[in-house]
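The values are calculated or read from the model by the stated rules, or taken from the named source; none is laboratory data. The shown structure was predicted, so the numbers you read here are calculated from the model rather than taken from an experiment. Note that each Cβ is placed from the backbone with ideal geometry, even for glycine, and that neighbours are counted across all protein chains shown. SASA here: full protein model, heavy atoms, side chains in, ligands and nucleic acids out. Shrake-Rupley method; radii C 1.70, N 1.55, O 1.52, S 1.80 Å.
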Amino acid sequence: MLVQLQYLRAVAALMVVYFHAILQLAKVNPAVDATAFLYGETGVDIFFVLSGFVMWLTTSGRAMSPIDFARRRIRRIVPLYWLATLFSAVVALAASSLLKSTVFDLPHLIASLFFLPWANAADPGTITPVVVPGWTLNYEMFFYLVFALLLPLTEGRRIPAMFAVFAVILIACRLLPETTATRFYGAPIMLEFLGGVVLGWLYGQKALLPNRWAWAALATGFVFLFVNEALMQPESRFYAWGIPAVFIVYGAVSIDFSRLPVLGWLNYLGDCSYAIYITHAFTLAFLRVVADRLAIGILQQPVLFVILSLVLSSFGGAIVHEITTPRRKAAVASGPPA
């Protein structure tokens, strides 16, 4: 079992939690200029590369039909996401003041449930679902659709076909009149999935980095991810953030972690990463409401707020994971859902 994938899933999820915690902190305590510490959005790019890698790894050398693949992905992703989406919609309808990023809008809700890009009525300039972090799942599900449709091809033809399909999609979205769909699917961030697929193929061919270079790639990837997030805008993320993410995943899978002690807590958080990712917005909203409504000044302290955000989001995600996940032996093969 590639325990390093679990570690990366945990780190990526906590990076995203940290990023959103800093954004919430600016609302809780406007006097604090938190923009200088606004990092972690790139956890999504690690997830996308991981997703491409794991999808290739779990289907390579196996006879799997598109229907079987889709059934597994739906079973993994949809139940928790639908619960979170419907819960958000109910809160937005019954107590709209509690949510800053969502208002009740039936077409938006339906589009969110079916992973379709839709302009968020609460923030018209953005294309996000009811559960805002779920925008990544819209990309994930689209990637899964393309991946599933190409499964009947031989493995030797599958990757070139995947590159061809995504190239056609990106070019078509640039040539067609601008719509919500062309704006969303025309974003080259989807190429990060292909980077992960290529890494999965390299892993299957045992074309891995020597141990020393693997550690160097892992460290270099994180350094450049950190630096590029500060210097480059999200519009250039597919190469400015995506390439360092590829370095990180390639370095990690090239290292023989079986010779190292297993970090049980980090391994477990990796297993809970999907639940943490989906539910952390509720945890952060809860902290913001507590700080605002109850006027608990200590929660307005930046360091404490961020630490509580990370800890409570992890605990909340773990609880949801235990409740919603059938009891079975955890396996990295389930893959990062986002």
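If you average the sequence gap of Cα pairs under 8 Å that are 6 or more apart and divide by the length of the chain, what percent do you get for the contact order?
Relative contact order, the chain: 31 percent.
Kindly give the semi-axes, whole Å and largest first, of the ellipsoid equivalent to region 160-313, taking each as the square root of 5 times a Cα gyration tensor eigenvalue.
Equivalent-ellipsoid dimensions as semi-axes: 33, 27, 15 Å.
Treating the angle as unsigned and between 0 and 90°, give the value, to the nearest 10°, between the Cα long axis of helix 135-150 and the longest Cα principal axis of the chain.
Roughly 20 degrees between the two axes.
Starting from the Kirkwood radius over alpha-carbon pairs of region 54-206, derive D by Stokes-Einstein at 10 °C in a medium of 1.306 mPa s and give it in µm² s⁻¹. Each step should come with its number before you reach the end.
On the way: Rh = 17.0 Å.
Stokes-Einstein gives a translational diffusion coefficient of 94 µm²/s.
Taking a probe of 1.4 Å, how large is the accessible area per residue of region 100-240, in Å²?
Numbers: 7270 Å² over 141 residues.
Ligands and nucleic acids excluded, the result is 52 Å² per residue.
Per the Cauchy relation, a quarter of the hull surface: what is the mean projected area of the convex hull of the alpha carbons in region 119-192, in nm²? Let's see the in-between values first.
Values: hull surface 21.6 nm².
In nm², the orientation-averaged hull projection of region 119-192 is 5.4.
Given the options Val320, Val253, Val165, state which has the largest fluctuation in a GNM of the chain using a 10 Å cut-off (strictly under) for Cα springs.
Val165
Go through region 8-86 and name the trypsin sites (Lys or Arg not before Pro) that are in a DSSP coil and have 13 or fewer other Cβ atoms within 10 Å of their Cβ.
Listed in order of number, the matching sites are Arg62.
So what is the calculated 222 nm ellipticity per residue for the chain, using -39500 (n - 2.57) for each DSSP H run with n of 4 or more, over all residues, to the nearest 500 deg cm²/dmol?
Using -39500 (n - 2.57) per qualifying helix, the result is -22500 deg cm²/dmol.
Can you give the longest stretch of the chain with no exposed loop site, where a site means chymotrypsin sites (Phe, Trp or Tyr not before Pro) in a DSSP loop (not H, G, I, E or B) with at most 15 other C-beta atoms within 10 Å?
On the way: sites that count: Tyr39, Phe114.
After excluding every exposed loop site, the longest remaining stretch is 115-338.
Rg/Rh for region 1-45: what does it come to with C-alpha atoms and Rh from Kirkwood?
1.15
Return the Rg/Rh ratio of region 1-110 with Cα-based radii and a Kirkwood Rh.
Numbers: Rg = 18.4 Å, Rh = 17.2 Å.
Using Cα coordinates only, the ratio equals 1.07.
How much area per residue is accessible in region 9-72 when the probe is 1.4 Å and only protein heavy atoms are counted (Å²)?
So region 9-72 comes to 38 Å² accessible per residue, rounded to a whole number.
Where the accessible area of the chain is counted over protein heavy atoms with a 1.4 Å probe, how much of it, in %, is carbon and sulfur?
70
Work the Kirkwood hydrodynamic radius out for region 160-229: mean of 1/r over every pair of different alpha-carbon atoms, inverted, in Å.
14.6 Å is the Kirkwood radius here.
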